[in-house]
Amino acid sequence: MKDARRIAVIGSGPAGLMATDGLASAGHAVTLFEKRKGLSWKLYIAGGSGLNVSNSLPLDLFAKHYTGPAAHWQDCLKAFGPQAWLQFIEEKLGIGTFLGTSQRYFVETMHAALLVRNWKRRLEGLGVTITLNTPITDFRRAAAGWELWREEQSQGTFDALVFALGGGSYEPAESLAWPAMFTSKGLVFKPFEPSNTGFEVAWPAAFLQEAEGQPIKNIRLISARGERKGDLVITQYGLEGTPIYFAGMSGLVHLDLKPDLTEEQIVQRLQKTRENLSPMRRAQKFLQLSPGSKALLFHKAPAAAIRDVPGLAHVIKNFPLELERPRPLSESISASGGLAWENFDENLMLKSLPGVYCAGEMLDWDAPTGGFLIQACVAQGHWISDHLSFG
Ligand SMILES: Cc1cc2nc3c(=O)[nH]c(=O)nc-3n(C[C@H](O)[C@H](O)[C@H](O)COP(=O)(O)OP(=O)(O)OC[C@H]3O[C@@H](n4cnc5c(N)ncnc54)[C@H](O)[C@@H]3O)c2cc1C
């Protein structure tokens, strides 16, 4: 290809892999740098509970799930949305996908190992040089293009750089060194804050003994941010699960432990037997509550409020819970914060550093769980590979 250039991609998460793929497919000589000894460590972590790669919501609704400029998400997802990504996984990486519950798409293998392995092979086939164990610590202008550095060792000069260094979540704070590379060059960076993270709840010891690790299934959570259905898991420190990630801030929330029934229907069900049973025994017998829901009612509901059937039905529909504080960044699924949008032009190039691009979670955007995070990363990687020019 007559316009082939030397390009470095730094970071081998989904954003970096997709940028590398697009640029190598266009005939450029791409070197992919990764500080760890293998590619895509966070995809392996994400695959631990089933690799949820995208979501089946229509594009308009899909794009509304992101913070950051709405026009960027519309354009970026229009260019490389869920269908294009799923097709890429199936046709280019040879892995089946399926639509699971809650509109989420998963890879058939559920974990990330095969996806990463097949992608690595494909990139090698496209002539990409993969350089592992190489933390990049600086980049400087060169006579032509940009020179990459690992401490005082030059890693070569490139016509353009694409950084895809990831967000602040799940990393030990001390290993999150990259922001200084950018702030030292006058770029605006918003500190990372935990997002999509568990919350701490003050559980009584007796409750934990019975309920730690138990699911609270099929609930509706009502918070200041709105409502979300799903499952929760009781942990030693509090709660994990999509509805809690959605709630996203400390304070009082309410759980509807039986969202498919109205309060009146619950009362009718609990009153239908003539047996002389306490309201709680009736709930156990006639409501098929999950173990975690039962434990909550037994241990955390105020005794006076559940003395009769109407009182218990009301608590089941409006269970109050105080979320004390979020779990730290190092345990979060994602983070808000990152390089501010004002640094970038519409191609995701740094306006003050022509020829330097960034993609993925290192930018200041966030989204809920449900496949939105990985989809955004690959869409931005693809966007850069389509819009890259040379500064
Ligand atoms: C527990 C958990 C579960 C998740 N589940 C899902 C899910 O099911 N679906 C979903 O959509 N999302 C999920 N996510 C989020 C998803 O994994 C991330 O959104 C995604 O991996 C971010 O991609 P990225 O390319 O921006 O960065 P990353 O995947 O974080 O990749 C960045 C890469 O850059 C490397 N790097 C960093 N600094 C340097 C440097 N200086 N030099 C060289 N290399 C460097 C890192 O080692 C890393 O490999 C989950 C996250 C977690 C923690």
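Tell me, which residue of segment 139-153 that is part of a strand (DSSP E or B) and loosely packed, with under 15 Cβ neighbours inside 10 Å is nearest to the ligand (Cβ to nearest atom)? Within segment 139-153, the match that is nearest to the ligand (Cβ to nearest atom) is Q153. Checked against the criterion of being assigned to a helix (DSSP H, G or I), without any contact (Cβ under 8 Å) to a residue 24 or more places away in the chain, over 17 Å from N196 (Cα atoms) and not acidic (D, E), the candidates Q288, Q268 yield just one match: Q268.
Regarding segment 299-314, can at least one residue be identified that is outside the structural domain of L165 (by TED's automatic domain parsing), in contact (Cβ under 8 Å) with a residue 60 or more places away in the chain and either open to solvent by 20 Å² or more (accessible area, probe 1.4 Å) or of a type in the set (G, A, S) (or both)? Within segment 299-314, one or more residues are outside the structural domain of L165 (by TED's automatic domain parsing), in contact (Cβ under 8 Å) with a residue 60 or more places away in the chain and either open to solvent by 20 Å² or more (accessible area, probe 1.4 Å) or of a type in the set (G, A, S) (or both). Filtering segment 154-170 to residues that are assigned to a loop (DSSP other than H, G, I, E, B) and more than 8 Å from the ligand (Cβ to nearest atom) leaves D159, G168.
Filter segment 23-58 for residues that are part of a helix (DSSP H, G or I), open to solvent by less than 20 Å² (accessible area, probe 1.4 Å) and farther than 23 Å from L176 by Cβ and give the result. Correct list: L23, A24. For segment 196-208, the criterion of being open to solvent by less than 20 Å² (accessible area, probe 1.4 Å) and in a strand (DSSP E or B) is met by at least one residue.
The set of residues in segment 154-171 that are open to solvent by 20 Å² or more (accessible area, probe 1.4 Å) and of a type in the set (S, T, N, Q) comprises S154, Q155, T157.
Residue-by-condition table, conditions (1) part of a loop (DSSP other than H, G, I, E, B); (2) over 20 Å from the mean Cα position of the chain (by Cα); (3) modelled with pLDDT under 95:
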position: D60; (1), (2), (3): no, no, yes
position: A71; (1), (2), (3): no, yes, no
position: L77; (1), (2), (3): no, no, no
position: E91; (1), (2), (3): no, yes, no
position: G94; (1), (2), (3): yes, yes, no
position: F98; (1), (2), (3): no, no, no
position: E124; (1), (2), (3): no, yes, no
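The values are calculated or read from the model by the stated rules, or taken from the named source; none is laboratory data. Quick caveat: nothing in here was measured; it's all calculated off a predicted structure. Because the Cβ atoms are built from the backbone with ideal geometry, glycine has one as well, and the counts that use them run over all protein chains shown. Each accessible area value is taken on the protein alone, full model and side chains, heavy atoms only, with ligands, DNA and RNA left out. Shrake-Rupley method; radii C 1.70, N 1.55, O 1.52, S 1.80 Å.
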